[in-house]
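Step one of this worksheet: look at the structure below.
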Amino acid sequence: MPATPPSSPSLATYAPAVTPTAPATVTAAAKPRSAVVFGVIGLVLIGLNLRAGITGASALLHDLQAVLGYGALVAAIIPSIPTLCFAVAGAATSWLTGRVGVEKAILLSLALLAGGLLLRGIPATGMLVAGSVVGMSGLAICNVAMPSFIREHFASRTSLMTAVYTVTMTTGGTLTSVAVVPLAHALGSPSAAVGAVGIAAVAAFLGFLPVALHAHRNTVRSTAGHVSPWPLLRTRKGQLLTAIFTLQALLAYALLSWFPYMLTTMGLSASDSGLMFGLMQLVSVPAGMVLIAIGSRPGMLRPAFYLVSITMAVGILALLFLPVGLAAVPAVLLGFGLGIFPLVMVMISRSGTSTSETTALSTLAQSSGYLLATAGPFGMGLLHSATGGWILPLALLLALALVQIVVSHLITGRAMSGKTAGTAPGTVPAGTADGRK
């Protein structure tokens, strides 16, 4: 990505993009301890669901295609649904949160997620596709709104709560990917197994309900405006956040969608492929925590981004050249590479000068990023069908991993943070909108 000239516009330049909308809500008084406790519980339950709905289907793609009988085109479309929904539904999140508030938007998203995942339990291709669209649309809203929820409810602990959120998200995805294949065998149906994942989403809805009710009862109206996300794409911060989010999402969802299927076609059994898939995600749990700990230290943000991006590239190389019997090696390396997500989320949570601006940046980065990232799982499927192998798809992923190293260098630079390279993620000096005086 070319460097932006010093005269490039900043977030402050686009202050006129703030347009009046329905009044936003702000808390009327300090939250009681019970509200904080319910907030943490809700955050954990949401985190457990945000990847489970994706990995639950990914681990059973081979079985679902065999049982339901859909063709290569549908097989390529199904793994692409999450990122496409994240782009389309996620783009409306900034507007939705401005209309109903962050908490109600998240509650609505959890209702969509639960309903969509349960719908996938009906053994029909149409229900699998429709349930995925509904459920992933809910997931999209929740994904975009969570950084703003963390900023609004845990302003003094954004790194800690982002770490909790991302760790539980990865844990939920890991447990689901490991358990869903045995569950399908026990139930005698892969459709029933992917539908059963929706039960956890129902629990998240019920767990978050007290948070939404407290926000509804204990807020007052303010005249805060809605920040349009799209003009922010002309700022350096908007460009770099979108670029790094796009690259990590494309790599992550290409792997999350096809990694177990890839190993199965290479010769591993479905159960062993599921175990390797679980191992990859399991490694990403401590990896994210370690990377946040490293990146939060003075002067260590850039090395943290270098470490995770280079490891992702090495993991793809290992998947290309190592025999399938050594699948644990790329699983571990790729799992560490997936640990970049918490770093990116911390940067988004700390970006902007207000909750609405954080939501706008989150909307911009995630909706644009996921739209472009749709090419990952969809392209992997089509290239595999066209070539009958995984060499070309993996070679393209390797090229993108190398580009991510370059963007990692840019996003940790002085112009992005407003300080020397390597400051804590997303730190914005007081009195500036994007880190420039």
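Please list, ordered by first then second residue, the pairs with beta carbon atoms under 6 Å, 6 or more apart or interchain, first in the stretch 178-205 and closer than 27 Å to Leu107 by Cβ, second open to solvent by 50 Å² or more (accessible area, probe 1.4 Å). Filtered contacts from the stretch 178-205: Ala193/Leu183; Ala193/Leu187; Gly195/Leu118; Gly198/Leu118.
Quick one: is Gly369 of a type outside the set (Lys, Arg), buried (at least 21 other Cβ atoms within 10 Å of the Cβ) and free of Cβ contacts under 8 Å to residues at least 60 places away in the same chain? Please lay out each step first, then the result.
Working: of a type outside the set (Lys, Arg): yes; buried (at least 21 other Cβ atoms within 10 Å of the Cβ): yes; free of Cβ contacts under 8 Å to residues at least 60 places away in the same chain: no.
Considered against the rule, which asks whether it is of a type outside the set (Lys, Arg), buried (at least 21 other Cβ atoms within 10 Å of the Cβ) and free of Cβ contacts under 8 Å to residues at least 60 places away in the same chain, Gly369 comes out as no.
Thr170 - would you say it is modelled with pLDDT under 85, within 17 Å of the chain's Cα centre (by Cα) and open to solvent by less than 20 Å² (accessible area, probe 1.4 Å)? Answer is yes for this residue. For the stretch 87-124, the candidate set comprises residues that are modelled with pLDDT of 90 or more and β-branched (Val, Ile, Thr); within that set, the residue that is nearest to Gly138 (Cα to Cα) is Ile106. Could we say that Ser351 is closer than 30 Å to Val102 by Cα, open to solvent by less than 40 Å² (accessible area, probe 1.4 Å) and assigned to a loop (DSSP other than H, G, I, E, B) here? Answer is yes for this residue.
Residue by residue, here is whether (1) in a helix (DSSP H, G or I); (2) of a type in the set (Phe, Trp, Tyr); (3) open to solvent by 20 Å² or more (accessible area, probe 1.4 Å) holds:
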residue	(1), (2), (3)
Leu251	yes, no, no
Ser257	yes, no, no
Leu268	no, no, yes
Gly274	yes, no, no
Phe277	yes, yes, no
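Restricting attention to the stretch 318-333, and to residues there that are in a helix (DSSP H, G or I) and under 20 Å from Leu392 (Cβ atoms), which single residue is modelled with the lowest pLDDT? That would be Val324.
When Met262 is tested against (1) of a type outside the set (S, T, N, Q); (2) within 18 Å of Ala179 (Cα to Cα); (3) modelled with pLDDT of 85 or more, just one condition goes unmet, and that condition is (2). Cβ-Cβ distances below 9 Å connect the following pairs, each with a first residue in the stretch 85-97 that is open to solvent by 10 Å² or more (accessible area, probe 1.4 Å), a second residue that is among the basic types (Lys, Arg), and a separation of six or more residues or different chains: Leu96/Lys104; Thr97/Lys104. Taken together, the residues in the stretch 124-139 that are open to solvent by less than 10 Å² (accessible area, probe 1.4 Å) and either of a type outside the set (Ser, Thr, Tyr) or not in a helix (DSSP H, G or I) (or both) amount to 6.
Select, from Val181, Val164, Val220, the only residue that is part of a helix (DSSP H, G or I), modelled with pLDDT under 85 and surrounded by fewer than 20 Cβ atoms within 10 Å (Cβ to Cβ).
Numbers: Val181 fails: surrounded by fewer than 20 Cβ atoms within 10 Å (Cβ to Cβ); Val220 fails: part of a helix (DSSP H, G or I).
Answer to the selection: Val164.
Condition first: in contact with a Ser or Thr (Cβ under 9 Å, 6 or more places away or on another chain) and either part of a helix (DSSP H, G or I) or modelled with pLDDT under 85 (or both). Now tell me which residues in the stretch 380-405 satisfy that.
So the first thing to find is which residues in the stretch 380-405 are in contact with a Ser or Thr (Cβ under 9 Å, 6 or more places away or on another chain), and the list is 380-381, 384, 389-390, 393, 401-402, 404-405.
Scanning the stretch 380-405 gives Met380, Gly381, His384, Pro393, Ala401, Leu402, Gln404, Ile405.
Working carefully through the options Gly337, Gly315, find the one that is touching a Pro at 6+ places or on another chain (Cβ under 7 Å) and either surrounded by fewer than 24 Cβ atoms within 10 Å (Cβ to Cβ) or closer than 30 Å to Arg297 by Cα (or both).
On the way: Gly337 fails: touching a Pro at 6+ places or on another chain (Cβ under 7 Å).
Sole residue among the options that is touching a Pro at 6+ places or on another chain (Cβ under 7 Å) and either surrounded by fewer than 24 Cβ atoms within 10 Å (Cβ to Cβ) or closer than 30 Å to Arg297 by Cα (or both): Gly315.
The values are calculated or read from the model by the stated rules, or taken from the named source; none is laboratory data. Bear in mind that the values here come from a model prediction, so they are computed numbers and not experimental data. All Cβ positions, glycine included, derive from the backbone under ideal geometry; neighbour counts span all protein chains shown. These accessible areas exclude ligands, DNA and RNA; they are computed on the full protein's heavy atoms, side chains included. Shrake-Rupley method; radii C 1.70, N 1.55, O 1.52, S 1.80 Å.
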